[in-house]
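> The following block contains the structure, expressed as structure tokens.
The values are calculated or read from the model by the stated rules, or taken from the named source; none is laboratory data. Since the structure is predicted, the reported quantities are computational estimates derived from the model, not experimental observations. Because the Cβ atoms are built from the backbone with ideal geometry, glycine has one as well, and the counts that use them run over all protein chains shown.
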Amino acid sequence: MLLIGEVWRDVASYEGEYRVSNLGRVRSLSRTVAHKGNGFMRVHERILKQTIVMEYPTVWLGSGHQRGIRVKVHRLVLEAFVGPCPDGMEARHFPDRNPMNNRLGNLNWGTKLDNAVDKQAHGTMVRGERVKVGKLTAEIVLEIRRLSASGRHSQESLGRKFGVAQSSISSLLLRKTWKHI
């Protein structure tokens, strides 16, 4: 089903097999493909199901009897409508940081710094308590800084007390980490 304003373009390296739309949908085109040994089978046109991998929608693309690959939908949209990713750039969701919004108007190529600035502005930067493997909380960091300022505790003893390495204590005291609090 065609949506209003939807435009389709071939997926690079998969011309005649897959197309991507400016609205972030991907479809497999009707074609005959090799199938197990010397056989062939007919593949019918369909919109591909998108699965979320590390918060980004992805699809599987395969060509003939080759093993399929998983690709991020936002990259397919950018490559089809804007062109290949320039050196030193990466896909960027902007102005809407929602990784589910893969409409062409919400995507562009940007630098790692552009992406980092966006994440900070939108409050989606993974830092502090959002770090999944982190052991500290904002409350504990403030306590460590208070104890260190008293002069009665070494970085090593604070590390042992809070279950982290001395280098972690040093980094948060120097505000290399946890600089947002």
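> Can you tell me which condition Asn106 does not meet? The list is (1) exposed (fewer than 15 other Cβ atoms within 10 Å of the Cβ); (2) without any contact (Cβ under 8 Å) to a residue 40 or more places away in the chain, and all the others hold.
Of (1) exposed (fewer than 15 other Cβ atoms within 10 Å of the Cβ); (2) without any contact (Cβ under 8 Å) to a residue 40 or more places away in the chain, only one is false for Asn106: (1).
> Moving to a separate point now. Out of curiosity, is Arg103 under 29 Å from Val33 (Cβ atoms) and either touching a helix residue (DSSP H, G or I) at 6+ places or on another chain (Cβ under 6 Å) or at pLDDT 85 or above (or both)?
Considered against the rule, which asks whether it is under 29 Å from Val33 (Cβ atoms) and either touching a helix residue (DSSP H, G or I) at 6+ places or on another chain (Cβ under 6 Å) or at pLDDT 85 or above (or both), Arg103 comes out as no.
> While we're looking at this one, here's another question. Restricting attention to the stretch 58-80, does a residue exist that is more than 18 Å from Pro99 (Cβ to Cβ), among the hydroxyl-bearing types (Ser, Thr, Tyr) and surrounded by 11 or more Cβ atoms within 10 Å (Cβ to Cβ)?
Scanning the stretch 58-80, I find at least one residue that is more than 18 Å from Pro99 (Cβ to Cβ), among the hydroxyl-bearing types (Ser, Thr, Tyr) and surrounded by 11 or more Cβ atoms within 10 Å (Cβ to Cβ), so the answer is yes.
> Go through the stretch 22-57 and count every residue that is part of a loop (DSSP other than H, G, I, E, B), surrounded by fewer than 15 Cβ atoms within 10 Å (Cβ to Cβ) and charged (D, E, K, R).
The first filter runs over the stretch 22-57 and keeps only residues part of a loop (DSSP other than H, G, I, E, B), leaving 22-25, 29-30, 36-38, 44-45, 48-50, 54-55.
If we keep only those that are surrounded by fewer than 15 Cβ atoms within 10 Å (Cβ to Cβ) as well, we get 30, 36-38, 44-45, 49, 54-55.
Now restrict to residues that are charged (D, E, K, R): 36, 45, 49, 55.
The number of residues fulfilling the criteria is 4.
> Right, another one. Just to be sure before I move on: is Val164 loosely packed, with under 15 Cβ neighbours inside 10 Å, at pLDDT below 90 and either farther than 27 Å from Val59 by Cα or aliphatic (A, V, I, L, M) (or both) in the structure I sent? I'd like the intermediate steps shown before the answer.
Values: loosely packed, with under 15 Cβ neighbours inside 10 Å: no; at pLDDT below 90: yes; either farther than 27 Å from Val59 by Cα or aliphatic (A, V, I, L, M) (or both): yes.
Answer is no for this residue.
> Does Arg97 count as at pLDDT below 90 and within 16 Å of the chain's Cα centre (by Cα)?
Numbers: at pLDDT below 90: yes; within 16 Å of the chain's Cα centre (by Cα): yes.
Here the answer is yes, as Arg97 does meet what is asked.
> Just for the stretch 1-21: of the residues that are in a loop (DSSP other than H, G, I, E, B), under 16 Å from Lys72 (Cβ atoms) and of a type outside the set (Phe, Trp, Tyr), which one is modelled with the highest pLDDT? Give the steps one after another, and end with the answer.
Here is the first cut: in the stretch 1-21, the residues in a loop (DSSP other than H, G, I, E, B) are 1-7, 11-17.
Among the residues that remain, those that are also under 16 Å from Lys72 (Cβ atoms) are: 11-14.
After this cut, where a residue has to be of a type outside the set (Phe, Trp, Tyr) as well, the list is 11-13.
On the way: Val11: 95, Ala12: 91, Ser13: 89.
Of everything passing the filter in the stretch 1-21, Val11 is modelled with the highest pLDDT.
> Starting from residues that are in contact (Cβ under 8 Å) with a residue 24 or more places away in the chain and part of a strand (DSSP E or B), keep the ones in the stretch 62-100 and report whichever is nearest to Ala34 (Cα to Cα).
The residue in question is Glu90.
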